[in-house]
1. Residue by residue through segment 82-129, note down the ones that are farther than 24 Å from Arg36 by Cβ and of a type in the set (A, V, I, L, M).
2. Return the residues of segment 75-113 that are touching a residue at least 40 places away in the same chain (Cβ under 8 Å), part of a loop (DSSP other than H, G, I, E, B), of a type in the set (A, V, I, L, M) and surrounded by fewer than 24 Cβ atoms within 10 Å (Cβ to Cβ); say none if nothing qualifies.
3. Filter segment 206-229 for residues that are in a loop (DSSP other than H, G, I, E, B) and open to solvent by less than 60 Å² (accessible area, probe 1.4 Å) and give the result.
4. Please pick out the residue among Arg300, Arg263 that is among the basic types (Lys, Arg), touching a strand residue (DSSP E or B) at 6+ places or on another chain (Cβ under 9 Å) and in contact (Cβ under 8 Å) with a residue 24 or more places away in the chain.
5. Exactly one of these conditions fails for Glu27: (1) free of Cβ contacts under 8 Å to residues at least 60 places away in the same chain; (2) open to solvent by less than 50 Å² (accessible area, probe 1.4 Å); (3) closer than 30 Å to Val268 by Cα. Give me its number.
6. All but one of (1) open to solvent by 50 Å² or more (accessible area, probe 1.4 Å); (2) assigned to a helix (DSSP H, G or I); (3) not aliphatic (A, V, I, L, M) hold for Pro303; which doesn't?
7. Look through Ala267, Ala312, Ala286, Ala278 and report the one residue that is among the hydrophobic types (A, V, I, L, M, F, W, C), over 24 Å from Ser99 (Cβ atoms) and in contact with a helix residue (DSSP H, G or I) (Cβ under 8 Å, 6 or more places away or on another chain).
8. Across segment 217-241, what is the total count of residues that are within 27 Å of Gln174 (Cβ to Cβ) and not charged (D, E, K, R)?
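The values are calculated or read from the model by the stated rules, or taken from the named source; none is laboratory data. Keep in mind the model is a prediction, meaning the values are calculated, not measured. Here the Cβ is made from the backbone with ideal geometry for all residues, glycine too, and neighbour counts use every protein chain on show. Surface areas here come from the heavy atoms of the whole protein model, side chains and all, with no ligands, DNA or RNA. Shrake-Rupley method; radii C 1.70, N 1.55, O 1.52, S 1.80 Å.
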Amino acid sequence: MSDRTPIVAVVGATGVVGRTMIQVLIERAVPMAELRLLASARSAGREISVDGRTHSIREATADAFDGVDIALFSAGGDTSRQLAPIAVSRGATVIDNSSAWRMDPGVPLVVSQVNPEDLEWHEGIVANPNCSTMQMAPVLMALRDSVGLERVIVDTYQSVSGTGGAAIAELEGQIRAHVAGEPKVAAVYPHPIAFNALPEIDVFLDNGYTKEEWKVVTENRKILHLPDLRISCTAVRIPVFVSHSEAIHVETRDPIDPEAARRSFGAVPGVTVVDDPATHSYPLAAEAAGSDEIFVGRVRQDPSVPDGRGIAFWVVSDNLRKGAATNAVELAVELVERGWTRAAARRGVAAGRGRA
């Protein structure tokens, strides 16, 4: 750990992911000289309890970042584009959960188990991947490193918490309306989500994919250092409160059987294999909620791919935790422990031993 206990700020502290970031920081007993909770002017002045202590929410302005070492952002792309450079100019290292910086070639996009070494070349901002990408990348890495990747097809089944608190409330309201025999009103999504499945997440692009689907394509390529990986995605919103599920079909370069795939998956830190069809054991969204693990099951050979080079499996993870907050906290700890924060670099330069 660094010789200085960091000041940590959470931007978007009143949102679903921001609150989860705070929870993970406390659960993991991350050393902090100060926890600074920032949000919009609308939320400024509110008080919330964190680990038995009362914290006042401050407005996220330029001055609010003075002295901050690590700033965890989860306040949307517009806020990140505006405030992240300001936070960096004040000396903070930003870990951003929005899509604003992910595909910027000068910003590392990092999953803690996959490419932590990419943190070293950050210039103040580190991007946290999309939640669907987050739970895919570690298991794809296992295959990349063991038998190589040729093509990936993934269908995602994503919970409403990925949209935020308003979507959670909308699903709850539609369930109550259904029970009462009343019309289900949709405002967050274009159609009612209760008892439904919507193959539309984010906006449609000119190529027919949604933005969410294209994030999975481009982000996995960047994280896995496979810019030409053939990958396609269909993203579906389903009436589940927490945890995303994914059906993944992979064509590998070399042959692989299900048992070897299970061993490869289970060797990745933070990945748990749950796969016993005889006892109906496989990853479930309800059981993954509240966990930091990525769960893999239903591992089977894909007979449509010749020569034993096809494998299919099911992946589930809590999208608020590992899919967003936990990875961000893991990256913060990694940066501090390796001395790769901007504050540590400045101290190193002052002592004649750091990077410029």
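1. Correct list: Met103, Leu109, Val111, Val114.
2. Met103 - this is the single residue of segment 75-113 that is touching a residue at least 40 places away in the same chain (Cβ under 8 Å), part of a loop (DSSP other than H, G, I, E, B), of a type in the set (A, V, I, L, M) and surrounded by fewer than 24 Cβ atoms within 10 Å (Cβ to Cβ).
3. Passing the criteria: Gly208, Leu224, Leu226, Leu229.
4. It is Arg300.
5. Glu27 satisfies every listed condition except (2).
6. (2)
7. Selected residue: Ala267, the only one of Ala267, Ala312, Ala286, Ala278 that is among the hydrophobic types (A, V, I, L, M, F, W, C), over 24 Å from Ser99 (Cβ atoms) and in contact with a helix residue (DSSP H, G or I) (Cβ under 8 Å, 6 or more places away or on another chain).
8. 8
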